[in-house]
Amino acid sequence: MKKVYLGLAIAGLLAGCAAPSDSAKTEMAAPAANEASMVVAAGTGDNLVADPHIVEFRANSGKSDVWKKHADKNNGLGDVGSSKVSAFEDEGSVRIRFISASDDFSAMPGLSQQVNGLAPNTDYVLSLYVEDKKGGASPTSVVVGATDAAGQELAEQEFHVASMNNAPHADRKSFRQVAVEFNSGGNTSATIFAKLKVDDASAITGDIGKASEIRVDAFSLAKK
């Protein structure tokens, strides 16, 4: 798993713009080898993600027919729920956090969705917007990726908020865009995911929810 702490490239045409539609071109943030800006790839096809702006998930109080939650707060494995905070104008995002000092901070709570309709042997861009208000010293990261029908990794990358200063932001500027690329190979479906990862468990103190929480919103999976 590749971890990104360096500056992300900024997609200037999208900085500060309105929410991308499900079929709109999506500029993406990408890891850079240094602090310099660079041109990055973009998704140009229709968005294949169902409920990408988490509106239905929010309206149903965190229940969904398309999004699968990976958490078990009763057994210390994290909490995944809905939030009214939104990257763009439609209310809803996914809140991922731990809730107790006795939780297992090695767990990686998150959510996933099986996405169908991929073209075989085609390059795709998976992007989403992440809010981590804990600042550059945040003890957590977000892990974003995709697997094939057999559970084999197609892409996986770890992002820390310190790397997002130059990334495109949403209408709510605390949400920053991250993205990964992958080739579908022989697959016509993939499972996309976003997970919370604790990098420094010793820093998860006080209000455990606030000390660990991130939000994710505005997912897109489109052809590169």
- Message: At 1.4 Å probe size, with the rest of the protein present, what percent of the exposed accessible area of the range 76-212 is carbon and sulfur atoms?
- Response: 42 percent
- Task: Give the long-range amide H neighbours of residue 86: residues separated by 5 or more places, or on another chain, with amide H under 5 Å away, using H modelled in the peptide plane at 1.01 Å from N.
- Result: 92
- Averaging sequence separations of C-alpha pairs under 8 Å and six or more residues apart, then dividing by the length of the range 67-134, give the relative contact order as a whole percent. 33 percent
- Query: HN-Hα J couplings of the range 102-112 from phi, Karplus 6.51/-1.76/1.60, θ = phi - 60°, integer Hz, Gly and Pro as x?
  - Reply: 8, 5, 8, 6, 7, 5, 10, x, x, 9, 8
- Message: Let's see if you can work this out: charge +1 on each Lys and Arg Cβ, -1 on each Asp and Glu Cβ, no other charges. What is the dipole magnitude of the range 120-198 about its Cα centre, in debye to the nearest 20?
- Response: 460 debye
- Item | In order through the range 212-221: 3J(HN,Hα) via Karplus (6.51 cos²θ - 1.76 cosθ + 1.60), integer Hz, x for Gly, Pro | 10, 6, 10, 10, 10, 6, 6, 7, 8, 10
- Task: With unit charges on the beta carbon (Lys/Arg positive, Asp/Glu negative), name the residue among 124, 138, 108 whose Cα is farthest towards the positive pole of the charge dipole of the range 75-214.
- Result: 138
- Message: With a cap of 10 neighbouring Cβ atoms within 10 Å, and only residues DSSP puts in a loop, list the chymotrypsin sites (Phe, Trp or Tyr not before Pro) found in the range 109-163.
- Response: none
- Task: Would you mind counting up the charge near residue 187? Only other residues with Cβ under 13 Å from its Cβ, with Lys and Arg at +1 and Asp and Glu at -1.
- Result: -3
- Compactness of the range 67-224, expressed as Rg and Dmax over alpha-carbon positions, Å: 15.5, 48
- Task: With a point put 7 Å past each Cα toward its Cβ, work out how far residue 201 is from residue 74 in nm, to one decimal.
- Result: 2.4 nm
- Task: Quick one: compute the contact order of the range 91-185, relative version, from alpha carbon pairs under 8 angstrom and 6+ residues apart, as a percent.
- Result: 33 percent
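The values are calculated or read from the model by the stated rules, or taken from the named source; none is laboratory data. Fair warning: this is a prediction, and the values are worked out from it, not measured in the lab. Cβ atoms come from the backbone with ideal geometry, glycine included; neighbour counts cover every protein chain shown. Note: accessible area is taken over every heavy atom of the protein model, side chains too, but ligands, DNA and RNA are not part of it. Shrake-Rupley method; radii C 1.70, N 1.55, O 1.52, S 1.80 Å.
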